[in-house]
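The values are calculated or read from the model by the stated rules, or taken from the named source; none is laboratory data. Since this is a predicted model, take the numbers as computed values, not measurements. Please note: Cβ atoms are built from the backbone with ideal geometry, for glycine as well, and neighbour counts cover all protein chains shown.
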Amino acid sequence: DQQVKQNSPSLSVQEGRISILNCDYTNSMFDYFLWYKKYPAEGPTFLISISSIKDKNEDGRFTVFLNKSAKHLSLHIVPSQPGDSAVYFCAASAGYGGSQGNLIFGKGTKLSVKP
Amino acid sequence: KAGVTQTPRYLIKTRGQQVTLSCSPISGHRSVSWYQQTPGQGLQFLFEYFSETQRNKGNFPGRFSGRQFSNSRSEMNVSTLELGDSALYLCASSLAASGGLLLYEQYFGPGTRLTVT
């Protein structure tokens, strides 16, 4: 059973507009969430993270929102740029009381930003 | 600071053979995790090493094993290769300091693409 789900396999957005990538999780023990970006033939690149004690974290054009009651998080990219086109993975960790070294990944959302 | 390096980048093996992959973490990082990525299953956790000890293990058969050396470099080994082992194998390192956000942020290498024929 998938503990981290990204229900949209793909998303297409116009350059300059907002991209919203969604992620749902089922394990209430998860206490830390991360977003990674992956280009073909490369390893995932860490983007942004959020602890379960927060509901929002911002880093430049990237903002992650966490809704614990809904077990849902989202990544907002504003404004979207063609270079943002990649596969985005949501990941979760049950670090406290679990293993910090084990990230559970969603299956990814392919974002295409059109000029 | 140099990133995570993995060798080799590409490998072709035949069924029944064994293979060893190598990972050098970011300098100062003590935790190394291994993941398998396939089109059908996505990124799946194999195991994690910290201070030369396996700290956690994913749901993979015993043919998959690993180790970590005193300089934090890690190797993973797959014995008796099967066609289904064809995948991108990713290594990630993290500081794994006690407390703080840095505990969870893992930095990935480029991966080793293994093809089993």
Looking only at strands (runs of 3 or more DSSP E) that lie completely in the stretch A:17-104, which have at least 1 residues being surrounded by 14 or more Cβ atoms within 10 Å (Cβ to Cβ) and among the aromatic types (Phe, Trp, Tyr)? A:19-25, A:32-38, A:45-51, A:62-67, A:86-93
Considering the stretch B:14-39 alone, what residues qualify as being within 16 Å of B:SER94 (Cα to Cα) and out of contact with any Asp or Glu (no Cβ under 8 Å at 6 or more places or on another chain)? B:SER24, B:PRO25, B:ILE26, B:SER27, B:GLY28, B:HIS29, B:ARG30, B:TYR35
Looking at B:GLY58, B:GLY111 in this structure, which one is within 19 Å of A:GLY43 (Cβ to Cβ) and at pLDDT 95 or above? B:GLY111
If you go through the stretch A:7-24 one residue at a time, do you hit one that is within 30 Å of B:ARG9 (Cα to Cα) and basic (Lys, Arg)? no
Say we look at the stretch B:9-34 and pick out the residues that are assigned to a loop (DSSP other than H, G, I, E, B) and within 14 Å of chain A (Cβ to nearest Cβ); which of these is farthest from A:LEU34 (Cα to Cα)? B:ARG9
Could you tell me which residue of the stretch B:35-81 is farthest from the other protein chains (Cβ to nearest Cβ), considering only residues that are over 13 Å from the mean Cα position of the chain (by Cα), free of Cβ contacts under 8 Å to residues at least 60 places away in the same chain and within 20 Å of B:ARG113 (Cβ to Cβ)? B:ARG63
